1. Is it the case that Leu45 is on the phi < 0 side of the Ramachandran plot and in contact with a helix residue (DSSP H, G or I) (Cβ under 8 Å, 6 or more places away or on another chain)?
2. Would you say Ser13 is surrounded by fewer than 10 Cβ atoms within 10 Å (Cβ to Cβ) and without any contact (Cβ under 8 Å) to a residue 60 or more places away in the chain?
3. Taking interchain pairs and intrachain pairs at least six residues apart, which have beta carbon atoms under 9 angstrom, with the first residue in segment 29-53 and at pLDDT below 90 and the second of a type in the set (Phe, Trp, Tyr) and in a loop (DSSP other than H, G, I, E, B)?
4. I'd like the full set of residues that are outside any helix (DSSP H, G or I) and either surrounded by 10 or more Cβ atoms within 10 Å (Cβ to Cβ) or in contact with a strand residue (DSSP E or B) (Cβ under 9 Å, 6 or more places away or on another chain) (or both), limited to segment 17-53.
Amino acid sequence: KATRVDLIFGSNSELRAIAEVYGSYNAEEKFVNDFVAAWDKVMKLDRFDLIYQ
């Protein structure tokens, strides 16, 4: 019996592809780097005092 998670990953090819990239054997460093970059971007979104180049 398929769960809701199984159905989501089965029907959404983009989500499945992302999960396969981050779930692969040697993807820990990529996941950490991407997470840190995304976290940094989110934390700076409301910082209007920063100068972006």
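1. Considered against the rule, which asks whether it is on the phi < 0 side of the Ramachandran plot and in contact with a helix residue (DSSP H, G or I) (Cβ under 8 Å, 6 or more places away or on another chain), Leu45 comes out as no.
2. For Ser13, the condition - surrounded by fewer than 10 Cβ atoms within 10 Å (Cβ to Cβ) and without any contact (Cβ under 8 Å) to a residue 60 or more places away in the chain - is met.
3. Lys44/Tyr52
4. Across segment 17-53, the qualifying residues are Ser24, Ala27.
The values are calculated or read from the model by the stated rules, or taken from the named source; none is laboratory data. In this text, all values refer to a predicted model and were calculated from it rather than measured experimentally. Counting neighbours? That spans all protein chains shown, and the Cβs are built from the backbone with ideal geometry, glycine included.
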